[in-house]
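The values are calculated or read from the model by the stated rules, or taken from the named source; none is laboratory data. Because the structure is predicted, anything quoted here is derived from the model rather than measured. Cβ coordinates were reconstructed from backbone atoms using ideal geometry, including for glycine residues, and neighbour counts include every protein chain displayed.
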Amino acid sequence: MRSSLLDPLFATITTLPGVGPKVEKLFRHLLGRDDVPRVLDLLFHLPTGIIDRRARPKLRDVVPGSVATVEVTIDRHRPSPPNRPRVPYLIYASDETSDLIITYFHAKADYLEKLFPVGEKRYVSGTTALYDGMLQMVHPDRVVDEKGLAALPMVEPVYPLTEGLGLNQVRKTTDAAAGKIPKLPEWQDAAWLARNRLPPFDQALTSLHRPQEPEDIAPQGPAWTRLAYDELLASQIALTLLRTHLRRQSGRGSAGDGHVRKKIIAALPYSLTLSQHKAIDAIVADLGKPERMLRMLQGDVGSGKTVIALMAAAAAIESGRQAALMAPTEILARQHHKTIAPLADASGLRIAILTGRERGKERANILARLENGAIDLLIGTHALFQDEVAFKDLALAIVDEQHRFGVHQRLALTRKGEAVDILVMTATPIPRTLVLTYFGDMDISELREKPAGRQPIDTRTIPLSRLEEMTDAVGRAIDEGGRVYWVCPLVEESEVSDLAAAEDRFALLKARFGARTGLVHGRMKGADKDAAMEAFANGETRLLVATTVIEVGVDVPEATVMVIEHAERFGLAQLHQLRGRIGRGEGRSTCLLLYKSPLGETAKARLAIMRETEDGFRIAEEDLRLRGEGDVLGTRQSGMPGFRVARLDVHGALLPAARDDANLLFSRDPELKSERGQAIRHLLYLFERDEAVRLIRAG
Ligand code: ADP
Ligand code: MG
């Protein structure tokens, strides 16, 4: 049970003054929540800067362009002339050193007359400017008299905003939220806090929203660092709990006798590589042990992870149990289903697919068969997490391209069976610190070798000015029976504008190449997406214009040309993923990276690396070097996924300390019963790691 001490933080923001249904919706959007945000959500929306009003110069000394708070006497008003509302309303003011014009557009005269009584003294705070040689302040942020000055915050936080929600509203509401922060029992080690000069939680959170100094809101400052460490500790504790929990529930020894695997191997059109054999052996050995498996399979794009997933599933199924394979997108789930179907037929596995698209009778039927054991392997998307999805006896959960799923989701899947073994698969070689952050300790298998017969990809960089020429080349490739992906750029961080770019390009290419041209993007209906992929896979269309929906995992071995428009806008990992869609078959493949000149330094370096190497591990290292760890999961702007205040680039160095602290805590107090243990429970709730608390109780 959550301690009532935390109630004020878990109250919805509608309990704060001025937050009605309309404003609440806006905050929902701002804070990225699906439901009514809570006071805590608002408090974890941290400022990105401050406005410093402490400067109190005389008018003569004001630096135009700066924010200043000035003490002036109001001399006279010059209202906008009648019928000319566009001419601004001016208020002339002065001190003993110089003059100031305060300017308002579209203002109400009676409002301004009250705000600026002629002959009286006012404190006016805002951004100054020089206009026609005169010092001006347009729409001051604050206008107060002597009494108001005492209450005026001299340093104000600035927050990220969303349309319809202004800074003043966000600030006011957040300030009200800050007034609700309770004093909580300390969960950090007192000596550690003292040594690092970190404030208590309540003080840290308060000073981030009521800063006195710019330092108070700096990510590397003591307040933010304190919260980041809290969050890292909470996540390490949750992972430690998850791990102990999973390991404690002993596995059931689900490796079968190999009869299904044998049939699959016989049906494969190729022979497995040595690294594939090794990975499968490691997995099967894990499955057979009386402990739970927690293994990560890392293998570059195209290294053949899918067949390993299938073999792992087969081993579990041979022992009479079930397996689940979860993919991050609908396209991928369908593709896995399609690849696996013939092999399942040949080996007698009963498989089914479940995504958001299976509805009604069809869905009910799948769920029923799953529950009575008539399905051996269920392939799907997030839909597999849903409560209604019940297995007869789930032995193995395989999660593909797993970094897109959070701990909660993985936990949800493992709860669907007894002592479920877990295999996560990723194409991104993840640095050790990141593995630690997201997964805690895991066993790792690597596929270092590509299947035989792969030809090197010829990668070229071409300026956009040669688009025509390039289109001709694509035309020749198509005429010769080739298949071409054409990836359109990220225009902005918005799906809509990406889409527009892709649709425009599609229209142009279709005008030239006719019905052989296809289009696929994330906004399409599921069935249309499938149809587009299917048409391309079976050669009905030969040129597939796409947004980055094809980035992850799509497998059409016949495709040999990849065009990436505005390649300079993509990250290295993304370019590598995209290029990994070709070079999968016998034919020689070409990747054309179209860029807009002039190229910046980093973009130039990225494209050069792409030309130089196809080695995913090397590319990942270079990627790290170019942009720092924080961005490997594509998260620099928004922080780490699953984290609200900690940032890997700033606070990552604290991770080992948090891990050690979590381990120490558990060795001393595994059930969190001590005084510190009790305080830690608060911490876990605050950072939404309370699933972990339940694991303690489950014992
Ligand atoms: P990824 O590791 O990127 O998920 P896939 O599992 O999609 O890779 O495999 C990429 C392609 O390689 C598929 O077409 C698959 O059939 C093929 N493949 C997998 N293993 C081998 C192998 N040992 N020999 C030849 N082709 C293979
Ligand atoms: Mg894959």
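Observations on the structure shown:
Let's see how each residue does on (1) in contact with a strand residue (DSSP E or B) (Cβ under 9 Å, 6 or more places away or on another chain); (2) more than 17 Å from residue 443 (Cα to Cα); (3) not in a helix (DSSP H, G or I):
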| residue | (1), (2), (3) |
| --- | --- |
| 230 | no, yes, no |
| 260 | no, yes, no |
| 266 | no, yes, no |
| 284 | no, no, no |
| 290 | no, no, yes |
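- Here residue 248 passes the criteria (1) loosely packed, with under 15 Cβ neighbours inside 10 Å; (2) of a type in the set (D, E, K, R); (3) under 20 Å from residue 284 (Cα atoms); (4) modelled with pLDDT of 85 or more except the one numbered (4).
- Residue check, residue 318 away from ligand 1 (no atom under 13 Å from the Cβ), modelled with pLDDT under 85 and not assigned by TED's automatic domain parsing to the domain that holds residue 574: no
- When the criteria are applied in full, residue 539 meets the requirement of being out of contact with any Phe, Trp or Tyr (no Cβ under 7 Å at 6 or more places or on another chain), at pLDDT 90 or above and within 16 Å of ligand 1 (Cβ to nearest atom).
- Filtering the range 52-64 to residues that are assigned to a loop (DSSP other than H, G, I, E, B), modelled with pLDDT of 90 or more and not β-branched (Val, Ile, Thr) leaves 56, 57, 58, 64.
- Members of the range 37-48 that are surrounded by 14 or more Cβ atoms within 10 Å (Cβ to Cβ) and either out of contact with any helix residue (DSSP H, G or I) (no Cβ under 6 Å at 6 or more places or on another chain) or in contact (Cβ under 8 Å) with a residue 40 or more places away in the chain (or both): 39, 40, 42, 43, 44, 45, 46, 47
- Put simply, of 336, 277 the only residue that is within 16 Å of ligand 1 (Cβ to nearest atom) and closer than 30 Å to residue 523 by Cβ is 336.
- Scope the range 74-90; condition of a type outside the set (Lys, Arg) and in contact with a Ser or Thr (Cβ under 8 Å, 6 or more places away or on another chain); matching residues: 75, 87, 88, 89, 90
- Number of the exception - residue 278 against (1) under 33 Å from the mean Cα position of the chain (by Cα); (2) assigned to a loop (DSSP other than H, G, I, E, B); (3) among the charged types (D, E, K, R): (2)
- Count of residues meeting criterion [under 28 Å from the mean Cα position of the chain (by Cα) and either under 19 Å from residue 413 (Cα atoms) or away from ligand 2 (no atom under 16 Å from the Cβ) (or both)] in the range 307-324: 3
- Selection of the range 251-306 for residues being of a type in the set (Ser, Thr, Tyr) and surrounded by 16 or more Cβ atoms within 10 Å (Cβ to Cβ) yields 254, 273, 275, 303, 306.
- There is at least one residue in the range 349-363 that is part of a loop (DSSP other than H, G, I, E, B), closer than 25 Å to residue 284 by Cβ and hydrophobic (A, V, I, L, M, F, W, C).
Yes or no, residue by residue, for (1) more than 16 Å from ligand 2 (Cβ to nearest atom); (2) among the β-branched types (Val, Ile, Thr); (3) within 17 Å of residue 504 (Cβ to Cβ); (4) out of contact with any Gly (no Cβ under 9 Å at 6 or more places or on another chain):
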| position | (1), (2), (3), (4) |
| --- | --- |
| 519 | yes, no, yes, yes |
| 530 | yes, no, no, yes |
| 541 | yes, yes, no, no |
| 563 | yes, yes, yes, yes |
| 577 | no, no, no, no |
